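To start, the structure under review is shown below, and the notes come after it.
The values are calculated or read from the model by the stated rules, or taken from the named source; none is laboratory data. Fair warning: this is a prediction, and the values are worked out from it, not measured in the lab. Note that each Cβ is placed from the backbone with ideal geometry, even for glycine, and that neighbours are counted across all protein chains shown.
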Amino acid sequence: MSLSPEAIADLTARGADRGADLRPGLALVEQALAREARAPDLPLLEAVGRYLMDAGGKRFRPMLVLLAGMAGGAEADDARLVDAGVIVELVHLSTLYHDDVIDAATIRRGLPAAQMKWSNTVSILAGDWLLARASLLSAALGVEVTRLMASTIADLCQGQIREVQGSREAADHNAPTVPATREHYLKVVGEKTASLIAASCRLGGMLSGQPPAAIEALTDYGWRLGMAFQLADDVLDIAGIAGEAGKLPGTDLREGVKTLPVLLALEADGPDSELAGLLERGDAADVERALALLNDHPALGLARDAAKLEAAAAAQALEAVDATAPAAVEGLAWLAEYAVGRVG
Ligand code: GRG
């Protein structure tokens, strides 16, 4: 998901100007993350666990926990909100270690992926260990938080396995193939991306003692925001300018992942179309030609519209949050706008 450091700095500065200053909370999240990765008698584990943490990342999910909690009147440095921010970032980090092994990724957060530096085994174990650290923190926050995180982690795993089943490589996993349809894709995006973003917002609502309707609204907001971000990224993967989104356009196509614009184009053009043939073969020249076709295809505009609809629904969900701190809700609304502003 591309959200530039400049955009994050802009959000935190705007929040501070309007009386919702996230920065004290984010600084505490940073300290606590480093503490959670400490393993004094196992320097290897500490080095691997800190590797991606120290490599950057936007801390988007902790920001959502803090903003959602502040909307309910909590301070940004509220200890329970900070712990929840740490939990969601640890879970996110854990998925990144796993994801990079699954995809044999070479780069993450601008550095060689952890398994390139160590190994698949060490990377997976470090990811599992961070997940366990997150679970310990959840236990201290109570059963409801632990239940939410367990069900979110289940979603993340379900989304990943569902993606495998819809991919060209399903047979390599002895996995029954499922057709790569629009419905299938949206389900994967919901489970892989929107679920943890929704949980982050829900935690903020729960831990700041907001009424049930507001907690549901924040969860709905987070889910829609997660969908909007991912769908906008999918459009940028086709229409983006090299270097702008931190990756080359066509990355999804090269990996054989059929995102929403591609699925919509295939629905329109049919299985015998030139596009279908190019995607089936998928060599470098095919991907270039497919990118050119997709950039001129009405499906790209439809996918852009779908992203905008999700962002609008996210903003609308916020109307049911009776905020103690309107500036925090403004910050959330701004994020929804930003999610799709990038796609024009
Ligand atoms: C170990 C819990 C667990 C799950 C294993 C691998 C897996 C199952 C799930 C993969 C989930 C995944 C990596 C989804 C992609 C989510 C996503 C949009 C990542 C990019 O997030 P950003 O842009 O990244 O917020 P930064 O680096 O800024 O934090």
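Kindly indicate which of ILE197, ILE215 is without any contact (Cβ under 8 Å) to a residue 40 or more places away in the chain and among the aliphatic types (A, V, I, L, M).
Answer to the selection: ILE215.
Can you name the residue in region 13-25 that is surrounded by 20 or more Cβ atoms within 10 Å (Cβ to Cβ) and either at positive phi or not in a loop (DSSP other than H, G, I, E, B) (or both) and, of all such residues, is modelled with the highest pLDDT?
If we take residues in region 13-25 being surrounded by 20 or more Cβ atoms within 10 Å (Cβ to Cβ) and either at positive phi or not in a loop (DSSP other than H, G, I, E, B) (or both), then GLY25 is modelled with the highest pLDDT.
Residues are listed down the side, and each one gets a yes or a no for (1) hydroxyl-bearing (Ser, Thr, Tyr); (2) farther than 30 Å from VAL321 by Cα:
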| position | (1), (2) |
| --- | --- |
| LEU207 | no, no |
| THR219 | yes, no |
| PRO249 | no, yes |
| LEU253 | no, yes |
| GLY256 | no, yes |
| ASP272 | no, yes |
| ALA276 | no, yes |
| GLU280 | no, yes |
| ASP283 | no, yes |
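Can you say whether LEU33 is under 16 Å from TRP129 (Cα atoms), aliphatic (A, V, I, L, M) and away from the ligand (no atom under 16 Å from the Cβ), as far as the supplied structure shows?
no
Could you go through region 211-224 and let me know if any residue there is more than 30 Å from GLU6 (Cβ to Cβ), of a type in the set (Gly, Ala, Ser) and not in a helix (DSSP H, G or I).
The answer is no; no qualifying residue exists.
Return only the number of the condition from (1) at pLDDT 95 or above; (2) more than 20 Å from LYS258 (Cα to Cα); (3) not hydroxyl-bearing (Ser, Thr, Tyr) that GLU191 does not satisfy.
(2)
Answer yes or no: is there a residue in region 86-94 that is at pLDDT 95 or above, more than 21 Å from LEU28 (Cβ to Cβ) and either among the aliphatic types (A, V, I, L, M) or more than 13 Å from the ligand (Cβ to nearest atom) (or both).
No: zero hits.
Output the number of the condition that LEU42 fails; it satisfies all remaining conditions of (1) within 25 Å of GLY72 (Cβ to Cβ); (2) of a type in the set (A, V, I, L, M, F, W, C); (3) more than 16 Å from the ligand (Cβ to nearest atom).
So LEU42 meets the others, but not (1).
Look through ARG109, ARG133, ARG182 and report the one residue that is in contact (Cβ under 8 Å) with a residue 60 or more places away in the chain, over 30 Å from LEU264 (Cβ atoms) and out of contact with any Phe, Trp or Tyr (no Cβ under 6 Å at 6 or more places or on another chain).
ARG133
Within region 246-300, how many residues turn out to be surrounded by 18 or more Cβ atoms within 10 Å (Cβ to Cβ), assigned to a helix (DSSP H, G or I) and in contact (Cβ under 8 Å) with a residue 60 or more places away in the chain?
Going through region 246-300 one residue at a time, the tally reaches 4.
State whether the residues of region 148-163 include one that is more than 30 Å from LEU207 (Cα to Cα) and either crowded, with 18+ Cβ neighbours inside 10 Å or more than 13 Å from the ligand (Cβ to nearest atom) (or both).
The answer is yes, given that some residue of region 148-163 is more than 30 Å from LEU207 (Cα to Cα) and either crowded, with 18+ Cβ neighbours inside 10 Å or more than 13 Å from the ligand (Cβ to nearest atom) (or both).
Specify which of the listed residues (ASP99, ASP103) is touching a Lys or Arg at 6+ places or on another chain (Cβ under 9 Å), within 10 Å of the ligand (Cβ to nearest atom) and under 26 Å from THR251 (Cα atoms).
It is ASP99.
What number of residues within region 46-67 are more than 16 Å from the ligand (Cβ to nearest atom) and either under 21 Å from TYR221 (Cα atoms) or of a type in the set (A, V, I, L, M, F, W, C) (or both)?
Residues in region 46-67 being more than 16 Å from the ligand (Cβ to nearest atom) and either under 21 Å from TYR221 (Cα atoms) or of a type in the set (A, V, I, L, M, F, W, C) (or both): 1 in total.
Please tell me if MET63 is over 17 Å from ARG109 (Cβ atoms) and buried (at least 18 other Cβ atoms within 10 Å of the Cβ).
So MET63 does not fit the description; no.
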